[in-house]
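Here is the structure we will look at.
What follows draws every value from the coordinates through simple rules; no lab data is involved. These numbers were taken from a predicted model, which means no experiment stands behind them. With ideal geometry, Cβ positions are generated from the backbone for all residues, glycine too; neighbour counts draw on all protein chains shown.
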Amino acid sequence: MSALSTPTQEKAAANPLDVMEQIVTANDWVFDRRSDSEMAAEAPGKWCDYGLYFSWSHEISAMHFTCAFDLKVPERRRTALYELLALANERLWIGHFGMDSDDGMPVFRHSVLLRGAPGASSESLEDMVDIAITECERFFPAFQFVLWGGKPPVEAMQAAMLECAGEA
């Protein structure tokens, strides 16, 4: 499987989509289990609903995950959004933002490697989805400032990252 090899034979990880389906069902999210290797779901957010897509590769024991914004980027604003995505990615520990080149939709992406593990825990998968939605919610205002407010990416990021203190 890789250029590096270990002398032990490792069992392939269990399909994490089985666990993910249980999590999605427990949250009452609409989902479609398209096959043993694909699942799509929709999760509500504060700013919009997020399209979740999970893809499992048994061959490499890896699951790829995307969390897409319900937000289309006009062609004329894509350069500014790419700059904003780079600024946002500097602030992330896990995953990264990208943009679907076909329809210009911003997405949060993350992959989980499970080779040698018996499978993914429900806690780790819950955390993965929670982190994705939290980061999308955190940066959504910056995307709006750039796309519809016409702000430069640096200014949009600064405005979106203001932390409120106290209560009004």
Among residues of region 31-47, those that are of a type in the set (Asp, Glu) and either part of a loop (DSSP other than H, G, I, E, B) or without any contact (Cβ under 8 Å) to a residue 12 or more places away in the chain (or both), counted | 2
Being in a helix (DSSP H, G or I) and hydrophobic (A, V, I, L, M, F, W, C) is the filter; apply it to region 137-152 and report the residue that is nearest to Ala43 (Cα to Cα).
-> Phe140
Give region 35-67 a look and list any residue that's surrounded by 15 or more Cβ atoms within 10 Å (Cβ to Cβ), closer than 13 Å to Asp18 by Cα and of a type outside the set (Gly, Ala, Ser), or say none.
-> Met39, Phe54, Trp56, Met63
Exactly one of Asp103, Asp32, Asp70 is among the charged types (D, E, K, R), surrounded by fewer than 16 Cβ atoms within 10 Å (Cβ to Cβ), in contact with a Lys or Arg (Cβ under 9 Å, 6 or more places away or on another chain) and over 17 Å from Ile131 (Cα atoms), and that residue is Asp103
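Here is a list: Ala156, Ala80. Which entry is over 30 Å from Asp18 (Cα atoms), among the small types (Gly, Ala, Ser) and in contact with a Pro (Cβ under 6 Å, 6 or more places away or on another chain)?
Details: Ala156 fails: in contact with a Pro (Cβ under 6 Å, 6 or more places away or on another chain).
Going through Ala156, Ala80 in turn, just one is over 30 Å from Asp18 (Cα atoms), among the small types (Gly, Ala, Ser) and in contact with a Pro (Cβ under 6 Å, 6 or more places away or on another chain): Ala80.
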Among residues of region 45-59 being within 18 Å of Leu125 (Cβ to Cβ) and not small (Gly, Ala, Ser), the residue farthest from the chain's Cα centre (by Cα) is His58
